[in-house]
1. Just to be sure, is residue A:83 open to solvent by less than 60 Å² (accessible area, probe 1.4 Å) and more than 14 Å from chain B (Cβ to nearest Cβ)?
2. Please list, ordered by residue number, the strands (runs of 3 or more DSSP E) wholly in the stretch B:95-149 having 1 or more residues that are of a type in the set (Phe, Trp, Tyr) and touching a strand residue (DSSP E or B) at 6+ places or on another chain (Cβ under 9 Å).
3. Based on this model, can you work out whether residue B:319 counts as assigned by TED's automatic domain parsing to the domain that holds residue B:170, at pLDDT below 95 and in a loop (DSSP other than H, G, I, E, B)?
4. Residue by residue through the stretch A:173-185, note down the ones that are of a type outside the set (Asp, Glu) and modelled with pLDDT of 80 or more.
5. Where residues in the stretch A:22-39 are of a type in the set (Lys, Arg) and exposed (fewer than 15 other Cβ atoms within 10 Å of the Cβ), which of them is nearest to the other protein chains (Cβ to nearest Cβ)?
6. Output yes when any residue across the stretch A:8-19 is in contact (Cβ under 8 Å) with a residue 12 or more places away in the chain and closer than 17 Å to residue A:91 by Cβ, and no when none is.
7. List pairs: first residue in the stretch B:101-124 and within 12 Å of chain A (Cβ to nearest Cβ) and at negative phi, second residue among the basic types (Lys, Arg) and open to solvent by 80 Å² or more (accessible area, probe 1.4 Å) anywhere in the structure, Cβ distance under 7 angstrom, at least six positions apart or on different chains.
Amino acid sequence: MSNAAIPPAVTQLIETLSELPGIGPKTASRLAFYLLRGKSELALRLADALHKLVENTRFCSICYNITEQDPCPICADPARDHGLICVVEEPLALLSLERTEQYHGVYHVLHGSLSPLEGIFAEDLRVKELEARLRAGDVHEVLLATNPTSEGDYTAAYLITRLKPFAARLTRLGRGLPVGGDLEYADAATLTRALEARQEL
Amino acid sequence: MYIRNLSLRHFRTYARLEIDFPAAPILLLGANAQGKTSLLEAIAYLALGRSPLTNTDQQLIHWSAATSGMPFAQVQAEVQKQQHTEVLEIVLQRSQLSNGNTRLDKRIRVNQKAVRRAALAGHLNVVVFMPGDVALVGGPPSARRRNLDNLLSQVHPEYITALSEYQRTISRRNALLRHLGERRGDMAQLDPLEEQLAQTGVMISLYRRRALAVLSSHADIFHQEMTGGAAWLRLAYRPNFDSLKPPALDYQLGLLPEVAQSPVDVDALRQAYREMFLRRRQEELRRGVTLTGPHRDEIRFLSEEVDLGTYGSRGEQRTAILALRLAELRWLQQQTGEAPVLLLDEVLAELDRERRKYLLGLVNQVEQTILATTDVEMFPEAFRRKTRQFEVAGGIITPVK
């Protein structure tokens, strides 16, 4: 995008935007020109928000969730069960679990899942940090809540081998049929899982 | 079963095709490069979920559709079974992504319902015989594995699922091996992948063993008939990894299909598989590839103790491949209770008079055979009278009066 007709400031914005996931050069140009032409205060608000994001947020030194204070409000909450750790791939998964208001333990965010083909290995995830938490103290249960994808399953299986030596109980989120779904439309893989995880009544 | 109706849009040389076929031997007549092979390929595509001729679905889209604003291809067939009719459809749609890359979507439907590729198994069965097939006997082992995979995939959806899972895990494990070999890291990352490979690998190997045992005994019968009892034929399964040794078993399996059906200690096999990974780990780390498993299986054609792949004459290899195709037909028939559709592309030219007669005699045993040829004179008059003939020219098909 080295066009003399476009000022370098704009080209730089376009190039930066297209580094974002899901945004190619075309979308990046469209966004850049929208910001350029649109109400100037939008660009400034965006710049301000980005600035704050970088300045004010960091990873919680215990659970590695994104936070403005360290430790994060969840890790600092005495009402929570600190002996129960739920392991998730991304902060967004943590948010979803929080929305249920049914979980009262603490979390550990891995920041990804094992994916050798994309060059993501155990040392790129917060696995050592999780082990350190187990070694440090009174953890009675680790709940593995990785995504039900093949990467998520692989990550969970790997964590099981790593965490087995510790005394904590290892559990996994239940899987199967979605609430409000229709048996008729469930795919074979989901149904197989649901059959395997059937419950005694 | 037979194909009642075939409809193509932007598939290979066909801009648009809509044609009804009878339950009879069908002769497709036409010069080269007019679309005869593409038509057979389209039918095989619906049976296998992939083309027998290419790994690149992209190539299947008609060139003009590829450059116009409608980059898609559609293949649809109505299949008449003994009791009912089924409609199979595959649509390939190419779209331009905003980041400049293109993306190819493949949608498979069975009776209007969107399904995964594995669910295509069992709806349409074909035996495809093409001119290049003789190279299977002496060519690379991957071609023989692929041929067997295509056959098993037509009947067993669980085989398709296991195979794709296996292949995905192999590429993952290879990437991990390279990483660990170069930069070190936690070896325990290999464990879940090896467990997965032990599960799917043992299953793939068992399916192959059982199918080959049956195929081998069928092929032997056809081979003896074609050679006037002069030569037996055996399809020998040489699994890359096998704890069912001694090797004598391999020989017995070919002769006694019931041996192949006997129960196998799957847990012991998996255990042996895991141990093999441990034994070869250093070598695999050094080379960055997985050296053990069914992705390295070998299948050999043996006749009278001679390996036809290495020592067979061209004529012997042709007879062997013909025997294999006929064995596949019989196997599919036994597995599904219906005769598959036979797709023969220009194969008579390669066979002598006796074998031609033998092959054409089998056409009576199925409901529908589709034969493509440049030279109608190759077929005996009596045979031609039984067929319905179509002229194929420039991607257009017209019935011959």
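The values are calculated or read from the model by the stated rules, or taken from the named source; none is laboratory data. Everything numeric here is computed off the predicted structure, so don't read it as measured data. Here Cβ is always computed from backbone atoms with ideal geometry, including for glycine, and neighbour counts include all displayed protein chains. Side chains are part of the model used for accessible areas, which takes the heavy atoms of the whole protein and leaves out ligands, DNA and RNA. Shrake-Rupley method; radii C 1.70, N 1.55, O 1.52, S 1.80 Å.
1. Values: open to solvent by less than 60 Å² (accessible area, probe 1.4 Å): yes; more than 14 Å from chain B (Cβ to nearest Cβ): yes.
Here the answer is yes, as residue A:83 does meet what is asked.
2. Details: elements: B:102-110, B:113-115, B:126-129.
Because the criterion is at least 1 residues that are of a type in the set (Phe, Trp, Tyr) and touching a strand residue (DSSP E or B) at 6+ places or on another chain (Cβ under 9 Å), the strands (runs of 3 or more DSSP E) in the stretch B:95-149 that meet it are B:126-129.
3. Working: assigned by TED's automatic domain parsing to the domain that holds residue B:170: yes; at pLDDT below 95: yes; in a loop (DSSP other than H, G, I, E, B): no.
For residue B:319, the condition - assigned by TED's automatic domain parsing to the domain that holds residue B:170, at pLDDT below 95 and in a loop (DSSP other than H, G, I, E, B) - is not met.
4. The initial filter retains those residues of the stretch A:173-185 that are of a type outside the set (Asp, Glu), namely A:173-181, A:183, A:185.
A:173, A:174, A:175, A:176, A:177, A:178, A:179, A:180, A:183, listed by residue number.
5. Taking the stretch A:22-39 and keeping what is of a type in the set (Lys, Arg), we get A:26, A:30, A:37, A:39.
Those left that are additionally exposed (fewer than 15 other Cβ atoms within 10 Å of the Cβ): A:30, A:37, A:39.
Details: A:30: 9, A:37: 20, A:39: 25 Å.
Selected residue: A:30.
6. No, the conditions are met nowhere in the stretch A:8-19.
7. That search, which allows pairs on different chains as well, returns B:114/B:107.
Each row is one residue, and each column tells you yes or no for (1) of a type in the set (S, T, N, Q); (2) under 30 Å from residue B:355 (Cα atoms); (3) within 14 Å of chain A (Cβ to nearest Cβ).
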{"site": "B:191", "(1), (2), (3)": "no, no, yes"}
{"site": "B:198", "(1), (2), (3)": "no, no, yes"}
{"site": "B:202", "(1), (2), (3)": "no, no, no"}
{"site": "B:206", "(1), (2), (3)": "no, no, no"}
{"site": "B:210", "(1), (2), (3)": "no, yes, no"}
{"site": "B:222", "(1), (2), (3)": "no, yes, no"}
{"site": "B:227", "(1), (2), (3)": "yes, yes, no"}
{"site": "B:230", "(1), (2), (3)": "no, yes, no"}
